[in-house]
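Some notes on the structure that comes next.
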Amino acid sequence: MAKEYDVIIIGGGIVGCMVARFLSRYKLDILLIEKEVDIGMGTSSANSAVIHAGYNALPGTLKAKTNAMSSTLWEQISAELGVAFNRSGDYVVATNTDQMNTLGELLQQGKTNGVPEMEIISAYEMRKREPLITQDVAGALWAPTGGLIDTFALTVAAAENAVLNGTEILLDTPFEDFIWEGKRIIGIHTPRGAYKSRWVINAAGLYADDVMHKAGVRPDFKIHPRRGEYVILDKADFELTRETVLFPTPTEKGKGIVVTSTLHGNVIVGPNANFVDPKEDKTVTKEGIEEIWTGAKKLVPSINRRYIIANFAGLRAHGNAPCLTPGINYTGDFIIEIPKEVKGFINLGGLESPGLSSSPGIALMVIDLLKDAGETLLEKPNWNPIRETRPVFRHLSPTEQAALVKANPSYGRVICRCETVTEGEILAEIHAPIPATTYDAIKRRTWTGTGRCQGGFDMPRVVKILSDELGIPPEEITKKGKESPYLIRRTKDMGEEA
Amino acid sequence: MKHKYDVIIIGSGPGGLAAAIAAKKNGADDVLIIERDIELGGILLQCIHNGFGLEIFNKDMPGPSYAQHFIEEALGLGIEVILDTMVLDITPERKITATSKRIGFIELQARAIVLAMGCRERSRAQIMLPGTRPAGVYTAGTAQRWVNIEGYMPGKRFVILGSGDIGMIMARRLTIEGAKVERVLEIMPYLTGLTRNYVQCLIDYDITLQKSHTIKNILGNKRVEAIESVAVDEKWNPVPGSEEIIPCDTVLLSVGLIPENELSKNAGVTLDPITGGPFVDDRFMTNVPGIFAAGNVVHVYDLVDWVTEAGYVAGRSAANFAMKEKITKISHVPLSASENIRYVVPHAINRESLKEETVRLQMRVKTPIEEHVRIIVEDEQGNLLTRKSEAYARPGEIITMEIKSDAYDDVQNAKQPIVSLHKR
């Protein structure tokens, strides 16, 4: 007889992992399933890594509510989970009078949403704070509660903390269908088998529509992914005067092309927004790069194409859910609900931006939904909110580096030369509570291969380390799970092809 | 091991080995090579094809044999070596911080340093290559390491972007190993590698090169499934209707090499944006006194033999700097490139150099000229310092010429000699 869970979470993106982490403080048996070979491989793997202050969302929407709920929590969450966070503040930059009017509206909207300490600053003040800003600047909206976070680390840390507090995670395990008992969902089917549970939470991101349709909920809801393309600049070539986020003035089309610092030191530029079909189309296009480059140049004219070291595209889980607050006419809100027609099902959907910024708030709302449904959530006496961090060689002083190498010589061996990532760091991730088993998993966790040579140096070395540590041949080491091997066969071994 | 050395060389490729040998032979007592890989030789070890040594040994050798000659000489001279060790930082005062699994975290002081870190390959984003990001997109050198060092094939059906030398050599290598190279695409209207590699690697193996072509899109989410190629006009704009889907599982990029100078920057060394390497004089000294540079870290050479020769000069100069009691003020005359010359190395000549020896100049042109040309070096008064004729000039092939000692007096008076190229 298989174990029965209290809660099964479908999807290991930032939302699923954050929900697992928040629920793991209660006496619940939790299982999180993820269809990919690692957590955080979907939308969570490719975004601006910005914590929004909360002035963008329309008042009355769940987007506004959860963003505001989350905003004050980041110092605590990042400290507990050992994740880099900088409450850098952000700017929305206007370059003409019309845009200044928009900033005024944004300021009012922010105040309604409960965003504190916002102010409109003069062009002079903006130039003083960021001399690289365009000379066309007319003024800016300053939101000091905006911030920057390491999204990859956050997803891993949240999941790891959940695991340390008893949550089970199954990777490479896609959801297939629900198990029903009348109108109650009592579990799920996966290729690994069936798992029973009193509650199932839909945190399937881009596929949240498919999951809820299988539950017979919101047949009209559709995720229509909007792709955003980005480029990454070499930190040796370019940085902002102070770590921050520079938004252009938003239009009906969206927040526009951002120039933002990241906590890895690189400035990133993007995203544009184009609807894509099929859902996994993460193609970067020539036109897309032109579009974001043109946009970025309007904010920071001194950036140069020679600084570009990488490009990527991410997908927003854009949905068509209407806002349920009376009097608010808005389509595209988050779904955070227990649908009336089904029992045992918590439905999350349409969690595009500010999904990352709102993820703790979404998790808190899930807890409230469970309580409202009559669950007595008892806290575990031994719940540990702290996730132990692992050493990051490049962040240490020379004295600390020397001590670390002395204590564990594998930290003395540099595997990624551009980002100075050591063998010790890679080994630690392979043997972590959620083991990194692919190149991309190593990359997201350690920053290996993200620098100016883009893995040219480290790739064969990382494949070798993975092969040695996992005890499988190098041909079976993949970039991102099955069907993505690096190597095909040994040389000389031509088999039937010869 | 010691903590103070006369000369420390960073990197043990051909430039580093030659520099170490020359430093030792020219009077430096304590010479140390720091190498990040587990054996000496640098990228030569993965270059198992022939074509090395023709200039220096008058012999056609594979890369590892060429390297072995210098490895044995260096070890025979008593040069110290630390392997599997990465240099983390160099200061302008020539303090070096390095780290290693075996010997730990170390700090060293050098009287002179030779930078010999070589170069790295241009990556996908640097050429703005669009498409998805599946497994199966590698630089040619990474694939070369896998095939020749690790013994693994990174794919079955290849498209190679760029007609650089490594790309063409890998096209042949992969074909010999049973893979199919579907196409080599070159965005320029001309070959960017050496003609001899085009003949020996592509023509001899029936591999198609398409000039004025590039990749428009990479297809496949997990692993490369195909690429979409497209013809381009002289401004690199795609020619509509010329698109072609080429099924393949691997894309190799051979789209240029960039001197690897992140450490140099930390040391305060100024870089030439055109070469990507330090500004150097004819003794391969950078702007930072006591810090020299040898080989592909300065500019990317066509032939390893020239890297070795540059290494000799840098090593000798480093030894002279390290062992000299007093450092005299050096007077330089800068060289400038004009008229279709993209760059000239060295960037400046030490006015005293020509007293004792000839000075070698190496340069690349901007665009190909398929007719007889003459390269002239003259001072601003029009006094000829040297000249040379060539049957053609191609961007893929370095032009080498010398200024002889008889130009010593003219060089003393020159302010900024100009190197220019003319059709004959």
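The values are calculated or read from the model by the stated rules, or taken from the named source; none is laboratory data. Being a predicted model, the structure only gives us computed values, none of them experimental. All Cβ positions, even for glycine, are placed from backbone atoms using ideal geometry, and neighbour counts span all protein chains on display.
Tally the residues that are at the interface with another protein chain (Cβ under 7 Å from one of its Cβ atoms), surrounded by fewer than 21 Cβ atoms within 10 Å (Cβ to Cβ) and within 33 Å of the chain's Cα centre (by Cα), restricting the search to region A:403-412.
Summing the residues that are at the interface with another protein chain (Cβ under 7 Å from one of its Cβ atoms), surrounded by fewer than 21 Cβ atoms within 10 Å (Cβ to Cβ) and within 33 Å of the chain's Cα centre (by Cα) in region A:403-412 gives 2.
In the list B:Arg196, B:Arg172, B:Arg183, which residue meets the criterion of being at pLDDT below 95 and more than 13 Å from chain A (Cβ to nearest Cβ)?
Step by step, each of B:Arg196, B:Arg172, B:Arg183 is checked, and only B:Arg196 is at pLDDT below 95 and more than 13 Å from chain A (Cβ to nearest Cβ).
Counting just the residues of region B:99-136 that are more than 7 Å from chain A (Cβ to nearest Cβ), crowded, with 20+ Cβ neighbours inside 10 Å and in contact with a Lys or Arg (Cβ under 6 Å, 6 or more places away or on another chain), which one comes out farthest from A:Thr450 (Cα to Cα)?
Among those residues, the one meeting the criterion is B:Ala110.
Listed here are the residues, each with its yes/no results for (1) aromatic (Phe, Trp, Tyr); (2) part of a helix (DSSP H, G or I); (3) surrounded by 22 or more Cβ atoms within 10 Å (Cβ to Cβ); (4) touching a Leu at 6+ places or on another chain (Cβ under 8 Å).
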position	(1), (2), (3), (4)
A:Tyr124	yes, yes, no, no
A:Arg127	no, yes, no, no
A:Asp136	no, no, no, no
A:Ala140	no, no, yes, yes
A:Ala157	no, yes, yes, yes
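Can you tell me which residues in region A:229-256 are in a loop (DSSP other than H, G, I, E, B) and farther than 17 Å from A:Leu148 by Cβ?
A:Asp234, A:Ala236, A:Asp237, A:Thr249, A:Pro250, A:Glu252, A:Lys253, A:Gly256, listed by residue number.
Among the residues of region B:9-41, how many are basic (Lys, Arg) and within 14 Å of chain A (Cβ to nearest Cβ)?
Final tally of qualifying residues: 1.
Going by the conditions given, is A:Val211 surrounded by 24 or more Cβ atoms within 10 Å (Cβ to Cβ), more than 30 Å from A:Leu377 (Cβ to Cβ) and aliphatic (A, V, I, L, M)?
Judged against the criteria, A:Val211 is not a match.
Hey, among the residues in region A:457-488 that are part of a loop (DSSP other than H, G, I, E, B) and of a type in the set (Gly, Ala, Ser), which one's farthest from the other protein chains (Cβ to nearest Cβ)?
Selected residue: A:Gly471.
Out of curiosity, is A:Lys279 part of a helix (DSSP H, G or I) and not aromatic (Phe, Trp, Tyr)?
no
Which condition number does A:Thr448 fail, the rest of (1) polar (S, T, N, Q); (2) surrounded by fewer than 21 Cβ atoms within 10 Å (Cβ to Cβ); (3) touching a residue at least 12 places away in the same chain (Cβ under 8 Å); (4) more than 10 Å from chain B (Cβ to nearest Cβ) being met?
(2)
Just a yes or no: is a residue in region A:391-399 surrounded by 16 or more Cβ atoms within 10 Å (Cβ to Cβ) and over 20 Å from B:Leu88 (Cβ atoms)?
No: region A:391-399 contains no residue that is surrounded by 16 or more Cβ atoms within 10 Å (Cβ to Cβ) and over 20 Å from B:Leu88 (Cβ atoms).
Per-residue answers, yes or no, for (1) out of contact with any strand residue (DSSP E or B) (no Cβ under 7 Å at 6 or more places or on another chain); (2) more than 27 Å from A:Gly288 (Cα to Cα); (3) assigned to a strand (DSSP E or B):
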| site | (1), (2), (3) |
| --- | --- |
| A:Phe175 | no, yes, no |
| A:Tyr195 | no, yes, yes |
| A:Tyr207 | yes, no, no |
| A:Asp210 | yes, yes, no |
| A:Pro219 | yes, yes, no |
| A:Arg227 | no, no, yes |
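When only residues in region B:250-270 that are crowded, with 23+ Cβ neighbours inside 10 Å, under 27 Å from B:Ala226 (Cβ atoms) and not hydroxyl-bearing (Ser, Thr, Tyr) count, which is nearest to the other protein chains (Cβ to nearest Cβ)?
Only one residue fits best here, namely B:Leu253.
Among the residues of region B:158-169, which ones are part of a helix (DSSP H, G or I) and either of a type in the set (A, V, I, L, M, F, W, C) or facing chain A (nearest Cβ under 8 Å) (or both)?
Listed by number, the residues that qualify are B:Ile166, B:Met168, B:Ile169.
So which of B:Leu202, B:Leu191 is touching a Phe, Trp or Tyr at 6+ places or on another chain (Cβ under 6 Å) and either outside any loop (DSSP other than H, G, I, E, B) or surrounded by 21 or more Cβ atoms within 10 Å (Cβ to Cβ) (or both)?
B:Leu191
May I ask you to list the residues in region A:75-95 that are touching a Lys or Arg at 6+ places or on another chain (Cβ under 8 Å) and closer than 18 Å to A:Arg25 by Cα?
Listed by number, the residues that qualify are A:Glu80, A:Leu81, A:Gly82.
Can you pull out the residues in region A:218-243 that are surrounded by fewer than 21 Cβ atoms within 10 Å (Cβ to Cβ) and of a type in the set (A, V, I, L, M)?
Of everything in region A:218-243, those that are surrounded by fewer than 21 Cβ atoms within 10 Å (Cβ to Cβ) and of a type in the set (A, V, I, L, M) turn out to be A:Ala236, A:Leu240.
Could you tell me whether region A:422-440 includes any residue that is without any contact (Cβ under 8 Å) to a residue 24 or more places away in the chain, within 12 Å of chain B (Cβ to nearest Cβ) and part of a helix (DSSP H, G or I)?
Within region A:422-440 (the criterion being without any contact (Cβ under 8 Å) to a residue 24 or more places away in the chain, within 12 Å of chain B (Cβ to nearest Cβ) and part of a helix (DSSP H, G or I)), the answer is no, since none of the residues qualifies.
Assuming B:Met86 fulfils every condition listed in (1) closer than 23 Å to B:Gly277 by Cβ; (2) within 7 Å of chain A (Cβ to nearest Cβ); (3) out of contact with any helix residue (DSSP H, G or I) (no Cβ under 9 Å at 6 or more places or on another chain) apart from one, which condition is it?
B:Met86 satisfies every listed condition except (3).
Given the criterion in contact (Cβ under 8 Å) with a residue 60 or more places away in the chain and at the interface with another protein chain (Cβ under 8 Å from one of its Cβ atoms), identify the matching residue among B:Gly155, B:Gly178.
Result: B:Gly155 is the single residue among B:Gly155, B:Gly178 that is in contact (Cβ under 8 Å) with a residue 60 or more places away in the chain and at the interface with another protein chain (Cβ under 8 Å from one of its Cβ atoms).
Does B:Ala314 qualify as being in contact with a Lys or Arg (Cβ under 9 Å, 6 or more places away or on another chain) and buried (at least 24 other Cβ atoms within 10 Å of the Cβ)?
yes
How do the pairs read when you match residues in region B:31-43 that are surrounded by fewer than 22 Cβ atoms within 10 Å (Cβ to Cβ) with residues anywhere that are charged (D, E, K, R) and assigned to a loop (DSSP other than H, G, I, E, B), using Cβ under 6 Å and keeping only pairs 6 or more apart or on different chains?
Final answer for the pair search is B:Ile38/B:Asp84.
I'd like the residue in region A:282-321 that is among the hydrophobic types (A, V, I, L, M, F, W, C), assigned to a helix (DSSP H, G or I) and more than 10 Å from chain B (Cβ to nearest Cβ) and, out of all such residues, is farthest from the chain's Cα centre (by Cα).
A:Leu299
Looking at region B:380-397, is at least one residue surrounded by fewer than 22 Cβ atoms within 10 Å (Cβ to Cβ), over 23 Å from B:Asn287 (Cβ atoms) and aliphatic (A, V, I, L, M)?
yes
Surrounded by fewer than 20 Cβ atoms within 10 Å (Cβ to Cβ) and more than 14 Å from chain B (Cβ to nearest Cβ): is that true of A:Leu246 in this structure?
For A:Leu246, the condition - surrounded by fewer than 20 Cβ atoms within 10 Å (Cβ to Cβ) and more than 14 Å from chain B (Cβ to nearest Cβ) - is not met.
What number of residues within region A:34-43 are among the aliphatic types (A, V, I, L, M) and crowded, with 24+ Cβ neighbours inside 10 Å?
Of the residues in that region, 1 qualify.
When you scan region B:137-147, how many residues do you find that are more than 8 Å from chain A (Cβ to nearest Cβ) and in contact with a Leu (Cβ under 8 Å, 6 or more places away or on another chain)?
The number of residues fulfilling the criteria is 3.
With (1) touching a Leu at 6+ places or on another chain (Cβ under 6 Å); (2) outside the structural domain of B:Ala393 (by TED's automatic domain parsing); (3) buried (at least 22 other Cβ atoms within 10 Å of the Cβ) as the list, and B:Thr286 as the residue in question, which single condition is left unmet?
(1)
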